[in-house]
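The values are calculated or read from the model by the stated rules, or taken from the named source; none is laboratory data. It should be emphasised that the depicted structure is a prediction, and the values quoted were computed from it without experimental measurement. All Cβ positions, even for glycine, are placed from backbone atoms using ideal geometry, and neighbour counts span all protein chains on display. Heads up: the accessible areas ignore ligands, DNA and RNA and are worked out on the full protein's heavy atoms, side chains in. Shrake-Rupley method; radii C 1.70, N 1.55, O 1.52, S 1.80 Å.
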Amino acid sequence: EAGVTQFPSHSVIEKGQTVTLRCDPISGHDNLYWYRRVMGKEIKFLLHFVKESKQDESGMPNNRFLAERTGGTYSTLKVQPAELEDSGVYFCASRRTSGANEQFFGPGTRLTVL
Amino acid sequence: GESVGLHLPTLSVQEGDNSIINCAYSNSASDYFIWYKQESGKGPQFIIDIRSNMDKRQGQRVTVLLNKTVKHLSLQIAATQPGDSAVYFCAENGGRLGSGTYKYIFGTGTRLKVLA
């Protein structure tokens with residue numbers, strides 16, 4: 001089966017601009033997660049979707065970040081306006097329905113805010 | 001807040017030797033732990049997991065040990081190969097027990113270098 005895909009692989013924007021990251025989970029996976037790793041730090045949880053509903057968004061850093069998963073398939077993560085500290089690698093992961101623990105990660109989107 | 005950390009940022013191992021990567025966690029209530037491997041330019045790849053009701057679990061060339069008394073997790077790789085060179089992350093389930101959330105709390109990672 002195809003793995004989790006993310007687009008774009010790299011994005012370089014200026015402070016104050018808007019960027020939208022996309023994640024396509026493995027087909028049939030109801031659970032979708034966003035994580036990010038900022039320079040030199042650990043990978044941190046941002047939020048969790050179950051189908052189109054936000055199950056847990058406790059890791060979202062502030063209201064400049066907006067995640068959506070309309071239709072319960074792919075998800076987008078928009079940063080508006082971007083700040084320098086938003087630079088890092090944003091990972092998406094998906095998991096099957098309940099009873100399955102493993103999260104499958106995508107290759108990540110490297111975001112650089114100048 | 002609670003976090004998962006790693007003792008060694010870089011580990012160099014001779015090819016063919018066994019590797020041991022260690023991890024300490026702080027949440028004694030965590031019920032699930034995972035090891036991921038991340039190669040350059042790729043996302044984390046699942047290696048092995050273990051539930052808190054187990055002390056040891058074996059996979060192909062890998063073994064995970066869980067010591068709940070001291071809140072310590074380790075990953076053992078037998079007969080380390082050049083392809084094992086990567087960054088290894090331990091993670092714990094940070095979701096509320098029984099919630100099914102499975103949001104992971106990651107450590108900072110250990111880089112494993114395999115020497116020829």
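Remarks
- Output for the range A:29-66, where each listed residue is of a type in the set (Asp, Glu) and free of Cβ contacts under 8 Å to residues at least 40 places away in the same chain: A:Glu42, A:Glu52, A:Asp56, A:Glu57
- Screening A:Glu85 with (1) touching a residue at least 40 places away in the same chain (Cβ under 8 Å); (2) surrounded by 13 or more Cβ atoms within 10 Å (Cβ to Cβ); (3) away from chain B (no Cβ under 11 Å) gives one miss only, at (2).
- Any chance A:Arg110 is basic (Lys, Arg), surrounded by fewer than 21 Cβ atoms within 10 Å (Cβ to Cβ) and more than 13 Å from chain B (Cβ to nearest Cβ): no
- Residue check for A:Ser75: of a type in the set (Gly, Ala, Ser), under 19 Å from B:Tyr104 (Cβ atoms) and open to solvent by 70 Å² or more (accessible area, probe 1.4 Å): no
- The lone exception for B:Ala91 - which of (1) open to solvent by 10 Å² or more (accessible area, probe 1.4 Å); (2) under 19 Å from A:Gly108 (Cβ atoms) it fails: (1)
- Odd one out for A:Leu46 among (1) within 12 Å of chain B (Cβ to nearest Cβ); (2) surrounded by 17 or more Cβ atoms within 10 Å (Cβ to Cβ); (3) more than 14 Å from the chain's Cα centre (by Cα): (3)
- Hey, B:Lys56 free of Cβ contacts under 8 Å to residues at least 12 places away in the same chain and exposed (fewer than 13 other Cβ atoms within 10 Å of the Cβ) or not: yes
- Residue in the range B:23-51 that is modelled with the highest pLDDT, counting only those that are among the polar types (S, T, N, Q) and crowded, with 18+ Cβ neighbours inside 10 Å: B:Gln38
- If you filter the range A:16-35 down to residues that are away from chain B (no Cβ under 14 Å) and surrounded by 13 or more Cβ atoms within 10 Å (Cβ to Cβ), you find that the one that is nearest to the chain's Cα centre (by Cα) is A:Arg22.
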